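Novice: This is the structure I want to talk about, given as structure tokens.
The values are calculated or read from the model by the stated rules, or taken from the named source; none is laboratory data. Please read these numbers as outputs of a predicted model, since none were measured by experiment. Here the Cβ positions follow ideal geometry from the backbone for every residue, glycine too, while neighbour counts run over all protein chains shown.
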Amino acid sequence: MKIYHRPTGFVFGAAARALVKEGEALHLAGMPHIAFTQVEVCTRQAGGIAREMQRLSGVDDSAALERLSARRADFAGLAMTATRLMGIVNVTPDSFSDGGRLNDAEAAIAHGELLASEGADLLDVGGESTRPGSDTVDDAEELRRVLPVVQGLAARHCVSIDTRKAAVMRAALAAGAQVVNDVSALRFEKASAEVVAQAGAPVVLMHAQGEPKTMQLAPKYDDVLLDVYDGLEERVNEALAAGIPRDRICVDPGIGFGKSFRQNLDLMAGLTLFHGLGLPLLVGLSRKGFVGALTDEKVAANRAHGSAGGALQAALMGAHILRVHDVKATRQALSVFEAGLDPDLAEI
């Protein structure tokens, strides 16, 4: 038998702070403007899954409540008490949304500078597409694509390297990248965990079912929310065993990576479950296929509005980092959204 806890019953702003002070609510994952008053307790055993809604006073697992509510450690120097934006800098010819658009280092560096000026807190540089159906790129080619861009941006900005390859991680970190963002959660190459541990780098562990080439053919789960949680928990434990400290780990449920249209929506609806891992939560849904399916927008680059809607929903669920293409649109939407939830957050 395994028990999971998903926060719900949200309150915001001054009301959240008042209820926390009165002991009727807890802050959600360290976010000062969001609190929760109830928990859905999920019990999974051989006979199936039972779900029961409980008030905080009815939850007898104080350690679980602490994991759900505690302030997260700073990640790459960024305080996890507000939703941060990770701007996407794809140096690839075949990414699903913007492949080939940034086809040289100069263009990619300029784009990264633009995203930073629009409000990106960190820049995610990637040289291998991991879209559905994509092929692996060899180390030398991936390094050729990303190293000049990392070097060009890292002196002025916080840069993450989006890669599954240990050699690329090592070279990018030496070139100034501060964070490793690995869609395989350090599974693709055994040496990756050692590289991250030795460098003392923060790492994003993302859940993915299968490999990019085939992951969307027939994704299957017993319960997508609980299965993804279990998968991430396993990868976190492996990272800890490899010598990566807990305060340098962030988790990502991997929207669109080995998930069907409905499974993506189930993950979005249940995002607060992942706060049970007690770690910063990153969500990347920008321009993805399920956004296009919901909005009937066939062109990925035109999905900024739908993507912003998904970003706000993730922020409402306490996501600490949003990985986005359209930084300006997301930053503006997020500013108005958060100020509406908590006027004390308005910066005028």
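Novice: Only one of (1) among the small types (Gly, Ala, Ser); (2) over 20 Å from residue 184 (Cα atoms); (3) in contact with a strand residue (DSSP E or B) (Cβ under 9 Å, 6 or more places away or on another chain) is not met by residue 309, so which one is it?
Specialist: (3)
Novice: While we're here: Criterion first (out of contact with any Asp or Glu (no Cβ under 8 Å at 6 or more places or on another chain) and among the β-branched types (Val, Ile, Thr)) does residue 89 satisfy it? Lay out the reasoning, then the answer.
Specialist: Working: out of contact with any Asp or Glu (no Cβ under 8 Å at 6 or more places or on another chain): no; among the β-branched types (Val, Ile, Thr): yes.
Spelling it out, it is not the case that residue 89 is out of contact with any Asp or Glu (no Cβ under 8 Å at 6 or more places or on another chain) and among the β-branched types (Val, Ile, Thr).
Novice: Have a look at 52, 40 and point out the one that is farther than 27 Å from residue 322 by Cα and either in the same structural domain as residue 179 (by TED's automatic domain parsing) or surrounded by fewer than 18 Cβ atoms within 10 Å (Cβ to Cβ) (or both). Break it down stepwise before answering.
Specialist: Values: 40 fails: farther than 27 Å from residue 322 by Cα.
Exactly one of 52, 40 is farther than 27 Å from residue 322 by Cα and either in the same structural domain as residue 179 (by TED's automatic domain parsing) or surrounded by fewer than 18 Cβ atoms within 10 Å (Cβ to Cβ) (or both), namely 52.
Novice: Suppose the filter is surrounded by fewer than 24 Cβ atoms within 10 Å (Cβ to Cβ), of a type outside the set (S, T, N, Q) and farther than 23 Å from residue 91 by Cβ; does residue 233 pass it?
Specialist: Numbers: surrounded by fewer than 24 Cβ atoms within 10 Å (Cβ to Cβ): yes; of a type outside the set (S, T, N, Q): yes; farther than 23 Å from residue 91 by Cβ: yes.
Yes; evaluated as a whole, the condition is true for this residue.
Novice: Could you check how many residues of segment 105-125 are modelled with pLDDT under 95, surrounded by fewer than 18 Cβ atoms within 10 Å (Cβ to Cβ) and in contact with a helix residue (DSSP H, G or I) (Cβ under 7 Å, 6 or more places away or on another chain)?
Specialist: Number of matching residues: 0.
Novice: State all residues of segment 4-21 that are in a strand (DSSP E or B) and among the basic types (Lys, Arg); if no residue qualifies, say none. Spell out how you get there, then give the answer.
Specialist: Initial filter on segment 4-21 (in a strand (DSSP E or B)): 4-12.
Within segment 4-21, 6 is the sole residue that qualifies.
Novice: Same structure again: Kindly evaluate residue 347 against the criterion of being at pLDDT below 95, under 25 Å from residue 8 (Cβ atoms) and out of contact with any Gly (no Cβ under 7 Å at 6 or more places or on another chain).
Specialist: Here the answer is no, as residue 347 does not meet what is asked.
Novice: Just to be sure I understand the filter: pairs with C-beta atoms under 7 Å, separated by 6 or more residues or on different chains, first member in segment 84-104 and in the same structural domain as residue 318 (by TED's automatic domain parsing) and modelled with pLDDT under 90, second member aliphatic (A, V, I, L, M) and surrounded by fewer than 24 Cβ atoms within 10 Å (Cβ to Cβ). Which pairs pass?
Specialist: 96/300; 97/300; 97/301; 98/301
Novice: Follow-up. Within segment 17-66, how many residues are among the aliphatic types (A, V, I, L, M), farther than 19 Å from residue 342 by Cα and either touching a Leu at 6+ places or on another chain (Cβ under 9 Å) or in contact (Cβ under 8 Å) with a residue 12 or more places away in the chain (or both)?
Specialist: Within segment 17-66, the subset among the aliphatic types (A, V, I, L, M) is 18-20, 25-26, 28-29, 31, 34-35, 39, 41, 46, 49-50, 53, 56, 59, 63-65.
Still in the list and also farther than 19 Å from residue 342 by Cα: 39, 41, 46, 49-50, 53, 56, 59, 63-65.
Then keep just the ones that are either touching a Leu at 6+ places or on another chain (Cβ under 9 Å) or in contact (Cβ under 8 Å) with a residue 12 or more places away in the chain (or both); that gives 39, 41, 49, 53, 56, 59, 64-65.
Looking only at that region, the number is 8.
Novice: Quick one: would you say residue 128 is charged (D, E, K, R), surrounded by 18 or more Cβ atoms within 10 Å (Cβ to Cβ) and over 18 Å from the mean Cα position of the chain (by Cα)?
Specialist: Values: charged (D, E, K, R): yes; surrounded by 18 or more Cβ atoms within 10 Å (Cβ to Cβ): yes; over 18 Å from the mean Cα position of the chain (by Cα): yes.
Yes; evaluated as a whole, the condition is true for this residue.
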